[in-house]
Amino acid sequence: MKANYLQTPIDYLKGVGSSRADLLRKELGIHTYQDLINLFPNRYIDKTQYYKISQLQRQSAEIQIIGKITGFKEVAQKRGKRLIATFKDETGTMELVWFRGQKWIKDSLKTNKTYVVFGKTNWFAGKFSLPHPEIETLEAHESSLSSAMQPIYPSTEKLSSRGITNRVLIKIIQQLFIDTGGRFTETLSNALLSELKLINKSAALLNIHFPKNQELLASAQFRLKFEELFYIQLQLILKNLIHKSKIKGFPFNQVGHYFNTFFKSHLPFELTGAQKRVLKEIRADMGSNAQMNRLLQGDVGSGKTIVALMSMLMALDNGFQACLMAPTEILSIQHYQGLTELCEPLNIKIELLTGSTKTAKRKQIHEALESGELHILIGTHALLEDKVKFKNLGLAIIDEQHRFGVAQRSKLWRKNTSPPHVLVMTATPIPRTLAMSVYGDLDISIIDELPPGRKAIKTVHRYDNNRLKVFKFIRDEIKLGRQVYVVYPLIKENATMDYKDLMDGYESLSRDFPMPEYQISIVHGKMKPADKDYEMQRFIKGETQIMVATTVIEVGVNVPNASVMIIESAERFGLSQLHQLRGRVGRGAEQSYCILMTGHKLSNDGKTRLQTMVRTSDGFEIAEVDLRLRGPGDIMGTQQSGILNLKIADIIKDNDILQHARFHAKKILKEDRTLANPDHAVILNTYRALAKYKNIWNYIS
Ligand code: ADP
Ligand code: MG
C-alpha cells in the first residue's frame, strides 16, 4: 500500500460516489479513507441474539426478530402515505413501517417468507412497530453472519434518512478492508507493542470494526485507546520541552537575604508539607535557565498566598521585581493589606494599583516601578496597562486564574525583554485526569493539604419549609458575634426572575432581622462598583451581620468572622460553584456551617451534587464528581485542547490507559528527545504525519 493511500478522498471508494461522499463529509467529517477507517463503532450488537415479539418491552430498544410478513397496507397521512407490513412470529404480531421508498419495498418483500428484521422498537397505541427496519431473508442473514458482533456506527438523522444506514456504512468499510487487503501500517514501535502486549495495527482495526470475539474486541480497543492517548501526551510533553528549551528565563541562582530572613524569623506559622514541596518545585523551576510557566492548584484556604509571597522574595533576592495580579479590586486590597503586614519587618516596598488609584499616586507608582525602587506591585488588571513599566520584572503571579483570559496572561509576559517567570494560582481544582490531558504542557503544583487545626465546615441540606429553623440558627450565630452569607443564584437566562428572588429574599430577611438590631448588606451585579464596594467593606469591617449576595462573592473574599454560608436554591448551582461558595466560610477559628436550601423537587444530578457537598469537602473529589456529571467540555471550555474530539478513548473511564500512555511518552522522550533513535522511527513518522495533517486525532495507518 502506498504511504499516502489512506489520504485518498472518500469519493473514490467503491460504493460511495459523490453525493454520499458529500453527506459523509458534512455529517461525520469523513473526508478520506483514513477518516473512514477511524470511524469507530459506538457499540456492537450481538447478532446471535433474537427476540420474540412477546418479549418486547415498552421502552424503545434495538432488537432482532425472525418472522414472516402476513400482509401490507397503505395508510394516508398528512403528506403522502406510509406503508405498513404486519409482521408475525409464533408469539405475536407487530408492524414494520416505511415512510419512504415504499414501492421498492413492497415489490421486493414477499409475504409468508421468513425474514430477519432489525431495528429500534416503537410502542404506540398498544402496538409495537419497527420504523425503517433493516430486513433480510433468513438464508441471506445466515450466510452473511460473518461476525457475531455487529458494529453500530455513529450516525445522524440526515444520514439515515438519505439512505446511509448502518448497513451501508458497514458495506463501505468492508470495501475499504477489501481494497487495502486489511493491511495497515504499524504506528507504534515494536518495543511498545511487546512491552504492553498490544495487538498490531491491522488486527486492531479489523477487530474494532468486525470483532471476531469479545476478547479480540477488548484488545483492539485497548490498543487504539492507548495509541490515541499516547500521541496526545507525546505532543503535550514535547510542547513543554520545546517551551523550556526555547524560552529562556532569568535564572534565580540565589536564595538570599529576604527569603532567609523571612523564613527564619518572620514566618507566622509552620509551613505545611504541601507548601514546602510546592515551594521547592517553584524554586527549582526559577533556578533553571528556562522560564517558569507553572499552575499552582490549591483548594480555598490551603495557603497559596504565603507561597506566592515567598516566591516573590526569591525574585527580590536576585535583584528582580515581582507582581501579583488579582481579578477584583477587593481581592487586590486584601492581598495588599496581608502582604504589607507580612513584609513589614523586611523593609520591602509594596504598592497597590487598581482602577481607583488616584492620578498622583499612580504617577508616583509608575516612577518607582521604572526606577526599581518599588519591589512588589499588587493590583487588578490595571497592571496590564501600557503605562505600567517595570525596571526588571522577574516573576508575575496571577491569582484565581479562571477570571483572566489567556490573552491577558501573555500581555504580562510582554512587559519585559525576556518573559518573567509566571505562576498562576487557582482554587478551582482541576481533576488530575483532566489536568494531565489538557495541561500536559503546563507544569502543575498542587497543595493538597490544609493548614492544621482547621475545623471541617459542617454542611447540611435543608428544605425550604425548614426556613424558620434556619433563621433561628442564624440568629444564634449572630448572637455569638458571627456573620452570615446568604447567596442567591443568578443565572443569566433567568436574570429577571433571579433578581426578583434575590430582592424578595432580601426583603424577607429584613423583616425577620430588623434594624437597628441587625444590619444587612446586599451585593449584586447590577449595582455600581462603588456601591458594591461600600457594601462589601461594611461586611468586611463587621458593621453588617448578614451579607445577601449573588455569586459575586464567589472569588477570594476573606472575612474570617463569617461562619455561616446559606445557599438558596442550591440545586441550581454547579458543584464547583457550591464548593467555591462554601470556601468563603471556615476561614477563622470558629466552627463554620454551610446550609444548602432547596425545594422538594430535585433532579438526579441535583441530588448527586447536594449529596457530594454534604459528604466531602475535598475539592479534588468534588471536581471528579463534577467531571463525571458534566463531562470535560463543560468544565472549563476544554474545546481548544481537542480533548472532546477523542475518537475512542474517554479520559474519565480510560484514566488507567492515560497513565500508561503518559508514562511511556515521557520515558521515550527522556531517552530520546528528538526521536532520532531508529527504534523510534515509527513513532517519529506517525507523529510527523499527525502534525502534517493538522489533526493529532486522526491516525495515519
Ligand atoms: P488560599 O489558598 O485560599 O489563597 P490563603 O493563602 O488565603 O489561602 O490562606 C488561608 C488562611 O490560612 C490564611 O489566614 C493564612 O494565613 C492561613 N495559613 C496559610 N498557611 C498556613 C499554615 N501553614 N499554617 C497555618 N495557617 C496557615
Ligand atoms: Mg487566595
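Below is a table of values for the structure above.
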{"item": "Rg and Dmax of the range 114-190, Cα atoms only, in Å", "result": "16.7, 60"}
{"item": "Lysine pairs within the range 49-147, Cα separation less than 15 Å, 8 or more sequence positions apart or different chains", "result": "18"}
{"item": "In order through the range 260-268: 3J(HN,Hα) via Karplus (6.51 cos²θ - 1.76 cosθ + 1.60), integer Hz, x for Gly, Pro", "result": "5, 4, 4, 4, 6, 10, 10, 5, x"}
{"item": "For the range 86-126, Kirkwood radius (reciprocal of mean inverse C-alpha pair distance, Å)", "result": "12.0 Å"}
{"item": "Selection from I546, I474, P452 lying farthest towards where the dipole of the range 451-566 points positive, charges on Cβ", "result": "P452"}
{"item": "Set of aspartates and glutamates with alpha-carbon distance to K389 below 15 Å, sequence-local pairs under 8 removed", "result": "E351, E367, E370, E373"}
{"item": "Mean projection area, nm², convex hull over Cα of the chain", "result": "38.7 nm²"}
{"item": "Residue pairs, from the table K361/K532; K304/K692; K212/K647; K500/K653, whose Cα atoms sit over 30 Å apart", "result": "K304/K692; K500/K653"}
{"item": "The chain - share of DSSP beta bridges that are antiparallel (%, nearest 5)", "result": "40 percent"}
{"item": "Sites S19 and T91, calculated FRET efficiency, Cβ-Cβ separation with R0 56 Å, nearest 0.05", "result": "0.85"}
{"item": "Net charge, H600 excluded, C-beta distance under 14 Å - Lys, Arg +1, Asp, Glu -1", "result": "+2"}
{"item": "Per-selection Rg to Rh, the range 49-147 - Cα, Kirkwood hydrodynamic radius", "result": "0.95"}
{"item": "Alpha carbon centroid spacing (whole Å) that separates the range 152-218 from the range 64-121", "result": "32 Å"}
{"item": "Separation in nanometres of the label points that stand 7 Å from Cα toward Cβ, at Y499 and E74", "result": "6.0 nm"}
{"item": "For the range 1-127, share of DSSP beta bridges that run antiparallel, in % to the nearest 5", "result": "95 percent"}
{"item": "Taking all pairs of distinct alpha-carbon atoms in the range 458-616, Kirkwood radius in angstrom", "result": "15.7 Å"}
{"item": "I178-A530 pseudo-label distance in nm [points 7 Å out on the Cα-to-Cβ vector]", "result": "8.0 nm"}
{"item": "Net charge contributed by nearby residues that have their C-beta within less than 15 Å of A284 (K/R +1, D/E -1)", "result": "+3"}
{"item": "Potential extension, R511-D386 segment - 0.36 nm per residue separation minus Cα distance", "result": "40.0 nm"}
{"item": "Rounded to 10°, Cα long-axis angle of helix 467-479 versus longest principal axis of the chain", "result": "20 degrees"}
{"item": "Trypsin sites (Lys or Arg not before Pro) within the range 485-551, DSSP loop, no more than 15 other Cβ atoms inside 10 Å", "result": "K526, K541"}
{"item": "Environment charge at E507 (Cβ cut-off 13 Å; Lys +1, Arg +1, Asp -1, Glu -1)", "result": "-1"}
{"item": "Computed helical MRE - 222 nm, the chain, DSSP H runs ≥ 4 contributing -39500 (n - 2.57), nearest 500", "result": "-12500 deg cm²/dmol"}
{"item": "Cleavage-rule hits (GluC sites (Glu not before Pro)) in the range 1-93: DSSP loop, at most 11 neighbouring Cβ within 10 angstrom", "result": "E90"}
{"item": "Positive-end residue, the chain charge dipole about Cα centroid, Cβ charges, pick of T340, T261, I173", "result": "I173"}
{"item": "Vicinal HN-Hα couplings computed from phi for the range 281-298 (Karplus, 6.51 cos²θ - 1.76 cosθ + 1.60; Hz; Gly/Pro x)", "result": "4, 5, 4, 4, 4, 6, x, 8, 7, 9, 6, 7, 9, 10, 9, 10, 9, x"}
{"item": "Test item: Cα-centred dipole of the range 458-616, Lys/Arg +1 and Asp/Glu -1 on Cβ, debye", "result": "420 debye"}
{"item": "Magnitude of the charge dipole, the chain, Cβ model with Lys/Arg +1 and Asp/Glu -1, debye to 20", "result": "1560 debye"}
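Laboratory data are not the source of any read-out in this text; all were calculated from the coordinates shown. Owing to the predicted nature of the structure, the values given are computational and were not obtained by experimental measurement. With ideal geometry, Cβ positions are generated from the backbone for all residues, glycine too; neighbour counts draw on all protein chains shown.
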